[in-house]
Ligand code: FES
């Protein structure tokens, strides 16, 4: 008799032929299981190899993603405690993914691994991709449902679980064959039961030992990948954009000058520096720093004084300054300026935004970056609404 995993009378269906195995539903699930196992192992190792993921101040860190999720997730109250120990939670997530991935690949405690995978996918869906629209654009909800056959049915015959299950089945069959068919005394019956229980116990312990070896292997691989990632990261540390020093400092504007200050219009463009500082008033708003600190074709970061959130100002061409919120509308990570492509890129899930307009060029972010009106004062300082 076949079950959905391609088992025939407790044995892999391949014994009856490869084509039959691949044609059976179990063949499809085998591919799905391999994909989930590889993906979760890779995702966990990728996190372990990335020191920025664990650094509270780095762009794209776990802590940053968590802060963003607290804003967008329906579970925001439940996420608050994780902010008190973000590194611990980051390590748990990464190691959890590796454990789920390896357990699924080898099919060892496959139901437990699949349940862990489903819970991780559910938590990612409710935090990271909850705002994806339409809902099926996010991968996490797909992963969640992809785990369900393994949560319900385990890893199937082609797995270590299957090996141990077949061993137990064979042992039970041998015990039954060895027992007298009729007239079994009470003593014989209880001895037979004890033997069966002893075998089950030993089988379970062997399976537990295999899980221990697998966990040790996962830790070792994770440790090596983590050390390698840190070594490569320190060898290729990238240059960050400059940070403007006076974010949030209100402009010292005389009432007369304020009355004549040019209105801060629309989005972001401001004229080049005026030729005479005597006749042009200082713009309204808060001074964020010297325009000279923002190179032409480059960017600098500052804190938006109005909302106290990270922001970026770019000088598109000489005298043309534009500023945007640096908070990614997808899940709240801080976007970075990519000078090679003149775009803003989100380190968390790959959204890309135009550095000229802030419009989203590539998802999953559902909308563009919010513009912040910026003006260049006669004193060479930049000002934003604040
Ligand atoms: S936070 Fe997900 S793409 Fe930016």
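Listed values, structure above:
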{"quantity": "Top-ranked residue in the range 370-384 [being surrounded by fewer than 20 Cβ atoms within 10 Å (Cβ to Cβ) and over 14 Å from residue 244 (Cβ atoms); ranked as nearest to the ligand (Cβ to nearest atom)]", "calculated": "370"}
{"quantity": "Any hit, the range 170-187, residues being within 23 Å of residue 37 (Cβ to Cβ) and either in contact (Cβ under 8 Å) with a residue 40 or more places away in the chain or part of a helix (DSSP H, G or I) (or both)", "calculated": "no"}
{"quantity": "Residue in the range 112-133 that is surrounded by fewer than 15 Cβ atoms within 10 Å (Cβ to Cβ) and touching a residue at least 24 places away in the same chain (Cβ under 8 Å) present", "calculated": "yes"}
{"quantity": "Candidate set from the range 61-79 (those that are more than 12 Å from residue 128 (Cβ to Cβ) and outside any helix (DSSP H, G or I)); member that is nearest to the ligand (Cβ to nearest atom)", "calculated": "61"}
{"quantity": "Test for residue 351: is it out of contact with any helix residue (DSSP H, G or I) (no Cβ under 6 Å at 6 or more places or on another chain), under 21 Å from residue 137 (Cβ atoms) and within 15 Å of the ligand (Cβ to nearest atom)", "calculated": "yes"}
{"quantity": "Residue tally, condition surrounded by 11 or more Cβ atoms within 10 Å (Cβ to Cβ) and at pLDDT below 75, over the range 169-191", "calculated": "6"}
{"quantity": "Test result for residue 367, surrounded by fewer than 19 Cβ atoms within 10 Å (Cβ to Cβ) and more than 19 Å from residue 295 (Cβ to Cβ)", "calculated": "yes"}
{"quantity": "Residue 165 being more than 23 Å from the chain's Cα centre (by Cα), at pLDDT below 90 and in a loop (DSSP other than H, G, I, E, B)", "calculated": "no"}
{"quantity": "Flag if residue 366 is within 9 Å of the ligand (Cβ to nearest atom), outside any strand (DSSP E or B) and in contact with a strand residue (DSSP E or B) (Cβ under 9 Å, 6 or more places away or on another chain)", "calculated": "no"}
{"quantity": "Top-ranked residue of the range 60-77 - restricted to ones that are over 20 Å from residue 334 (Cα atoms) and at pLDDT below 80, ranked as surrounded by the fewest Cβ atoms within 10 Å (Cβ to Cβ)", "calculated": "77"}
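For (1) over 17 Å from residue 40 (Cβ atoms); (2) assigned to a loop (DSSP other than H, G, I, E, B); (3) more than 16 Å from the ligand (Cβ to nearest atom), each residue gets a yes or a no:
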residue	(1), (2), (3)
81	yes, no, yes
93	no, no, no
96	no, no, yes
101	no, no, yes
140	no, no, no
146	no, no, yes
149	no, no, yes
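Condition check ((1) farther than 14 Å from residue 243 by Cα; (2) within 16 Å of the ligand (Cβ to nearest atom); (3) crowded, with 21+ Cβ neighbours inside 10 Å; (4) at pLDDT 85 or above) across all residues:
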residue: 274; (1), (2), (3), (4): yes, no, no, no
residue: 292; (1), (2), (3), (4): no, no, no, no
residue: 316; (1), (2), (3), (4): yes, no, no, yes
residue: 332; (1), (2), (3), (4): yes, yes, yes, no
residue: 356; (1), (2), (3), (4): yes, no, no, yes
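The values are calculated or read from the model by the stated rules, or taken from the named source; none is laboratory data. Worth saying up front: this structure is predicted, and the values here are computed from it rather than measured. In this analysis, Cβ positions are derived from the backbone assuming ideal geometry, glycine residues included, and neighbour counts consider all displayed protein chains.
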